[in-house]
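A.B. asks: The following block contains the structure, expressed as C-alpha cells.
The numbers here are math on the coordinates, done by the rules we state, and not lab data. Just so it is clear, the structure is predicted and the values come from calculations on it, not from any experiment. Positions of Cβ are generated from backbone atoms using ideal geometry, with glycine treated the same way; all protein chains shown enter the neighbour counts.
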Number of protein chains: 2
Amino acid sequence: MTNLSDAGVSGAVDDSHLAEKKLSSDEILVGNFLQIRRDTVSLPDCRHTTREYVVHPGAVMIVALLDDGQVVLERQYRYPLHAVMIEFPAGKLDAGESSFECARRELREETGYTAREWAKAGVLHPAIAYSTEFIDIWFARGLTPGEQQLDSGEFLEVFSATPEELMKWCASGWVTDAKTLTGMLWLSNMLSGAWTLEWQTA
Amino acid sequence: MTNLSDAGVSGAVDDSHLAEKKLSSDEILVGNFLQIRRDTVSLPDCRHTTREYVVHPGAVMIVALLDDGQVVLERQYRYPLHAVMIEFPAGKLDAGESSFECARRELREETGYTAREWAKAGVLHPAIAYSTEFIDIWFARGLTPGEQQLDSGEFLEVFSATPEELMKWCASGWVTDAKTLTGMLWLSNMLSGAWTLEWQTA
C-alpha cells in the first residue's frame, strides 16, 4: 500500500503502470441527446480492450446564496430515475460559451436571479467510468430576483431552504443527486470557514 | 418560489406539474459496456419528446476505516477523463447480487481487506440527467488485510490517507470524483457526530 501524502497535492507520481493509450476511436451512437464513442485502447500490460463513454460538453452548477442565508434550489423530474429530485441549479455549456457565462445564464434562465458577486469553487466529475462530463461549481451572492426563462419542454420548480434544512435532507436520503451533495460539501466548509472562496464582481 | 420546508422530508408534494410519462421505449445501443435506451415520453404540458439514458445495474462505494484512523483509497486511470483519479473503492452489482454482498466483494477484490463491521450510510445518483445508476454508500471498519484479486484488465493502486489529508485534496481540486466527494460529506459528518450510522457485524 502506497502512502501518497509524501507526494503532496502537486502529485509528482509515476502513472505509467496505470495509464491507458488510445489506439483508435469510433462514434457508435449519435442520439437526439447522447453521443457515445468507443475507443480501442492499450492497457498497462499492453493488451487491448475497448472503452465506451458519453461525450459531454461540460456543465455548471450554482450555489446561490440569498441575503437571508437561504440557498436557491430546484425540483425537477429526472426521467432515468422516474423521480422528482432536489438540486442546485445547473446546466450544460452552450457551444463557445465560457463556464462563467454559462453559470450566469443558467441561474437567470432557470431561477430568474442575477447575482452581484460570483466565486468559482471547484469542479466535479459525475461519472468517471463512462462520461467526459465535468461540472464547474460556482457560488453566487447579492441576488436580485427576476423572471424565469425556461426552455421549451423544460419544467422545474424553484424554492429555497436554509443550509441546515438542506443538510438534514442530505442525511435523510431525500437529496441523492451527486452534484448537489458535492455542493453541500463545499457549502458547509465555506460556511464553517474551513474552505475559502475568491469572490469577483459580475 | 415555493418553500418546501413545511412539506418535510416525507414530502407530501403534488408533482403532476413536473412528471413525465413513458409512451414507448427502445434499446438504441448494446455496446461492450454501455447499454442505451431511448424512451418517448409525454411532458407535463402533454407534448411528446424523447429521453435517452444509460441503463446501469447500480453500484456500491465503500468508505473503509483503518484502525489508525486512515481511510482506504484507490488511484485508477479513468479513460473518459484521461487521468488517474483518487477514489473510494467502488464497483458494479453483479446480476442477482445484493448491495451488501457487492460491498464486501468489491472491498476484498480491489483492496484485499475484509471488515468486521459494516454500516449502510445512504445512496447517491451520479448522473441524473442520463443514467439510471445509483451508488449505495457503505462504511466498513475492523479491517483485516489480505490479497487483492483484481479482474483481468483491471489496474489500480491502493493507498491510505487521513480524513484531513483527503479533505485537503477535495478543497484543492485534486479529488474531483463525485462519489468520493459525496463520501467525504458522509465521512466528515460521521466523524463530527452530526450524522450517525447503524453498524452491523458482517
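A.B. asks: For chain B, set up a Gaussian network in which alpha carbons nearer than 10 Å are linked by springs, and say which option among B:G91, B:G153, B:G183 fluctuates the most.
C.D. replies: B:G153
A.B. asks: Still on this structure: Using a Cα-Cα cut-off of under 19 Å, which lysines could be cross-linked to A:K120, ignoring same-chain neighbours fewer than 8 residues away?
C.D. replies: Candidates past the 8-residue exclusion: A:K92, A:K179, B:K168.
A.B. asks: How big is the dipole moment of segment A:64-202 about its Cα centre under a simple scheme where the beta carbon of each Lys and Arg is +1, that of each Asp and Glu is -1, and everything else is neutral? Debye, nearest 20, please.
C.D. replies: Values: 11 positive and 21 negative charges, 60 e Å.
It comes to approximately 280 debye.
A.B. asks: Enter the mean number of other protein chain beta carbons within 10 Å of the beta carbon of each residue in A:166-177, as an integer.
C.D. replies: Values: counts 1, 4, 5, 5, 7, 9, 5, 6, 5, 4, 10, 8.
Shielding by partners across A:166-177 averages 6.
A.B. asks: Per residue of segment A:81-88, in order, report the coupling 6.51 cos²θ - 1.76 cosθ + 1.60 (Karplus, θ = phi - 60°) as ³J(HN,Hα) in whole Hz, putting x for Gly and Pro.
C.D. replies: Going residue by residue, I get 9, 6, 8, 7, 10, 8, 9, 6 Hz, with x marking Gly and Pro.
A.B. asks: Name the residue farthest towards the positive end of the dipole of chain B from the options B:H56, B:A19, B:S172, assuming +1 on Cβ of Lys and Arg, -1 on Cβ of Asp and Glu, about the Cα centre.
C.D. replies: B:A19
A.B. asks: Over the Cα atoms of chain A, what radius of gyration and what Dmax do you get, in Å?
C.D. replies: 19.5, 58
A.B. asks: Can I ask one more? Please find the FRET efficiency linking B:T144 to A:F155, where r is the Cβ-Cβ separation and R0 is fixed at 51 Å, and quote it to the nearest 0.05. Intermediate values should be presented prior to the final figure.
C.D. replies: Details: r = 51 Å, r/R0 = 1.00.
Once the sixth-power term is evaluated, E becomes 0.50.
A.B. asks: Could you calculate, for segment A:83-188, the ratio of the Cα radius of gyration to the Kirkwood radius, expressed as Rg to Rh?
C.D. replies: 0.94
A.B. asks: Let me ask you something else. If you take the charge dipole of chain A about its Cα centre, with +1 on Lys and Arg Cβ and -1 on Asp and Glu Cβ, which of A:I128, A:F100, A:F139 is farthest toward its positive end?
C.D. replies: A:I128
A.B. asks: What is the log10 of I(q)/I(0) for segment A:35-127, computed with the Debye formula using one identical point scatterer on each Cα and no solvent, at q = 0.11, 0.15, 0.24 Å⁻¹?
C.D. replies: The calculated log intensity ratios at q = 0.11, 0.15, 0.24 Å⁻¹ are -0.47, -0.75, -1.33.
A.B. asks: Shifting gears a bit: Based on the alpha-carbon gyration tensor of the protein assembly as shown, what equivalent-ellipsoid semi-axes (square roots of 5 times the eigenvalues) come out, in whole Å, largest first? Walk me through the numbers before you get to the answer.
C.D. replies: Numbers: eigenvalues 209, 136, 92 Å².
Taking √(5λ) for each Cα gyration eigenvalue gives 32, 26, 21 Å.
A.B. asks: Treating the angle as unsigned and between 0 and 90°, give the value, to the nearest 10°, between the Cα long axis of helix B:178-192 and the longest Cα principal axis of chain B.
C.D. replies: So the helix axis and the longest Cα principal axis differ by about 60 degrees.
A.B. asks: Calculate, in nm to one decimal, what A:L66 and A:S16 gain on full extension: separation in residues at 0.36 nm each, minus their alpha carbon distance.
C.D. replies: Numbers: separation 50, 0.36 × 50 = 18.00 nm, distance 4.71 nm.
Value of the extension gain: 13.3 nm.
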